[in-house]
Amino acid sequence: MSLVGPRPDLPVQQALYAPEDWALRCSVRPGITGLAQALLRSEATPQQRLDLDLRYVRERSLGLDLRILAWTLRRLTGRGAN
């Protein structure tokens with residue numbers, strides 16, 4: 001597991017993905033926080049989370065990881081944080 005990456009999925013969730021998307025998503029290590037958590041937190045629909053996880057895999061970079069960490073910290077410490 002890494003600090004940033006898509007949150008781990010259960011094997012049963014594989015049915016939500018096209019086979020090539022599942023392979024793409026599984027090509028990176030899962031993370032403690034990810035793009036879906038940083039942008040939408042628990043308000044994300046399953047489809048939004050899926051789309052953001054795949055977007056992260058396609059666009060991943062050190063810069064994106066740093067932005068995700070900053071967005072996550074803001075979400076956790078800002079107004080409306082759990």
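The values are calculated or read from the model by the stated rules, or taken from the named source; none is laboratory data. Quick caveat: nothing in here was measured; it's all calculated off a predicted structure. Please note: Cβ atoms are built from the backbone with ideal geometry, for glycine as well, and neighbour counts cover all protein chains shown.
Couple of notes before you dig in:
- The C-beta contact set for the range 56-82 (first residue among the β-branched types (Val, Ile, Thr), second residue at pLDDT 90 or above and in a loop (DSSP other than H, G, I, E, B), distance under 8 angstrom, 6+ apart or interchain) comprises 57/6; 57/27; 57/28; 68/34.
- Counting only helices (runs of 4 or more DSSP H) that sit wholly inside the range 19-82, those with at least 2 residues that are acidic (Asp, Glu) are 19-25, 46-59.
- Any hit, the range 44-54, residues being under 19 Å from residue 73 (Cβ atoms), touching a helix residue (DSSP H, G or I) at 6+ places or on another chain (Cβ under 6 Å) and surrounded by 12 or more Cβ atoms within 10 Å (Cβ to Cβ): yes
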